[in-house]
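S.K.: Sending over a structure as structure tokens; questions will come in a sec.
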């Protein structure tokens, strides 16, 4: 009798294994065909959105095929009904979680791609990606609770009470989060902007995350600032209202120089340099202004030209100053040294 039972169990196990292998294999074959068709279709399109979608589902779809095999195996097995029901729920939970994670990542990537493609003035930051993923994960959790037959209303009530306690315990974290959200909405500081902090540190805004803002400085070092500190400090943004900015270079020449000649030389060198120096613009046309008042030993001019961005200033000033110095030597324009005239008063000796 025991041998007959063992043989029957062995037969059921073999049948279940065959169903699992066959169902999984069939699902994998269908997956390969479907991905192949979609990949050929994606190559014909100019958008990269379909490529992002295919890349996101390529690996998780393997696990979904295995889940199909398990589902078919449990459906054809002779296990007790309660065990089958619990197993089905476990498979549903795993599938919902994996689909939710895939949708969260795909949504964030697709939104970033759409913003870049349409050139909408919305910053792409770590905070924006986090917000999108949190929204999708929240929806996925609600669907998961509904699948498990758990009422959402008590959960929301418990979250409300617990959220109040968490908010009191995480005041600093929430302050940074909402400060970062305020910075994103106000758009006073954007990713890629060149800014100078109140402390004198300056660089490009690399990212605005849910807690901190990262600024990449010129020495290739990163300054990390809590969002609430950044929102309360005075920040100079050299990329607003536009990235183009004026560069002012002070020039001093001797009193014997012709002011008109000096002005023409400076404008010519700036216009010609715009064709050779990266970041220097020929339009608007460079200007030269003689500083009001006469210097102690020189005529003081200011060359005003336009550059693409504030971070172009060091290279432009370096190259343009060299060109002006060579041209002054060629034209015989004197660059004076400081001069002091000293009067000595001699007193006659008393008789």
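The values are calculated or read from the model by the stated rules, or taken from the named source; none is laboratory data. The structure presented is a predicted model; accordingly, all values stated were derived computationally and were not measured. Using ideal geometry, Cβ is built from the backbone for each residue, glycine included, and neighbour counts are taken over all protein chains shown.
S.K.: Of (1) under 30 Å from residue 229 (Cα atoms); (2) modelled with pLDDT of 75 or more, residue 167 satisfies all except one. Which?
M.R.: Unmet condition: (2).
S.K.: Could you tell me how many of the residues in the stretch 61-104 are loosely packed, with under 14 Cβ neighbours inside 10 Å and closer than 22 Å to residue 141 by Cα?
M.R.: 6
S.K.: Could you list, in sequence order, the residues of the stretch 205-226 that are out of contact with any strand residue (DSSP E or B) (no Cβ under 9 Å at 6 or more places or on another chain) and buried (at least 17 other Cβ atoms within 10 Å of the Cβ)?
M.R.: Passing the criteria: 209, 210.
S.K.: Continuing with the same structure: Tell me which of these residue 40 doesn't satisfy, since it passes every other one: (1) modelled with pLDDT under 70; (2) over 26 Å from the mean Cα position of the chain (by Cα).
M.R.: Status for residue 40: all satisfied but (1).
S.K.: I've got another one for you. Got at least one residue in the stretch 188-199 being surrounded by fewer than 18 Cβ atoms within 10 Å (Cβ to Cβ), over 24 Å from residue 313 (Cα atoms) and over 14 Å from the mean Cα position of the chain (by Cα)?
M.R.: No, because not a single residue in the stretch 188-199 is surrounded by fewer than 18 Cβ atoms within 10 Å (Cβ to Cβ), over 24 Å from residue 313 (Cα atoms) and over 14 Å from the mean Cα position of the chain (by Cα).
S.K.: Taking residue 329, is it on the phi < 0 side of the Ramachandran plot, touching a helix residue (DSSP H, G or I) at 6+ places or on another chain (Cβ under 7 Å), part of a helix (DSSP H, G or I) and surrounded by fewer than 20 Cβ atoms within 10 Å (Cβ to Cβ)?
M.R.: Taking the combined requirement at face value, the residue does not satisfy it.
S.K.: Okay, next question. Quick check on the stretch 260-288: of everything there that is assigned to a helix (DSSP H, G or I) and touching a strand residue (DSSP E or B) at 6+ places or on another chain (Cβ under 8 Å), which residue is nearest to residue 332 (Cα to Cα)?
M.R.: Here the answer is 262.
S.K.: Further, regarding this structure: Report yes if some residue within the stretch 52-64 is assigned to a helix (DSSP H, G or I), modelled with pLDDT under 70, in the same structural domain as residue 141 (by TED's automatic domain parsing) and more than 23 Å from residue 146 (Cβ to Cβ); otherwise report no.
M.R.: yes
S.K.: Now a separate question. On the given criteria, is residue 299 surrounded by 15 or more Cβ atoms within 10 Å (Cβ to Cβ) and outside the structural domain of residue 190 (by TED's automatic domain parsing)?
M.R.: yes
S.K.: Restricting attention to the stretch 247-259, and to residues there that are surrounded by fewer than 14 Cβ atoms within 10 Å (Cβ to Cβ) and in contact (Cβ under 8 Å) with a residue 60 or more places away in the chain, which single residue is nearest to residue 330 (Cα to Cα)?
M.R.: By that ranking, first place goes to 256.
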